[in-house]
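Visitor: Before anything else, here's the structure in question.
The values are calculated or read from the model by the stated rules, or taken from the named source; none is laboratory data. Note that the structure is a prediction, hence the values are computed from the model and not measured. Note that we place each Cβ from the backbone using ideal geometry, even for glycine, and neighbour counts take in every protein chain shown. We work out accessible area using only protein heavy atoms, side chains counted, and drop any ligands, DNA or RNA first. Shrake-Rupley method; radii C 1.70, N 1.55, O 1.52, S 1.80 Å.
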Amino acid sequence: MTMERMRIAGLALAGTLVLGATAWAAAEAFTVRTAPVHALCLPDLSRDEYVPAAMSHLAYATVEETTDYEPDTDGGPGGIQRVRLRVLHALKGEVPATLTLGQGVGRDPQGHYTSHDPLYPVLRPGRTYVIGYVSDPAYGDGYTRYAKQEPDTALARWTTHVARGVVAPVGEGCGEGA
């Protein structure tokens, strides 16, 4: 083999190695970004003191009425109910005196709204709740992310929770890059 052919073969081998390494690195980067999600990292709302830090808006309010219901577009058993609330006390964020909020609900065979999540009960007229929501004009003033029926004696406790701003510990699998 001549010196020229050895040099060309060496360059071809080096180029192949560089391309192969680049392809491997790109495949690894793509795999890391598109790997299946093993944990859904949602805020821990299981303890009242964690709720204010996870919500942009929080209010103590009474549901005045259910204003409408929009069924799921896919024909499923649930949909979005909208309720009008009278705000008794704004706890966090800019909260108007009255709110219209959307809430995802299921429906039982009798047509009653349902929820299987104790941290997200169906909002019912005449009851008072601490409500956490995000602003979203598609639902009126926003969309309910948290609700807990509470008596008026709970207001001082919730005001304390907001003032403290306790953040829930990061759950397993929810660290950096999750």
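Visitor: Using a 1.4 Å probe and ignoring any ligands, DNA or RNA, find the accessible area of Y69 and quote it in Å² to the nearest 10.
Guide: The value for Y69 is about 50 Å².
Visitor: May I pose another question? Mind giving me the FRET efficiency for T98 and C41? R0 is 41 Å, r the Cβ-Cβ distance, nearest 0.05 is fine.
Guide: On the way: r = 33 Å, r/R0 = 0.81.
After rounding to 0.05, the efficiency reads 0.80.
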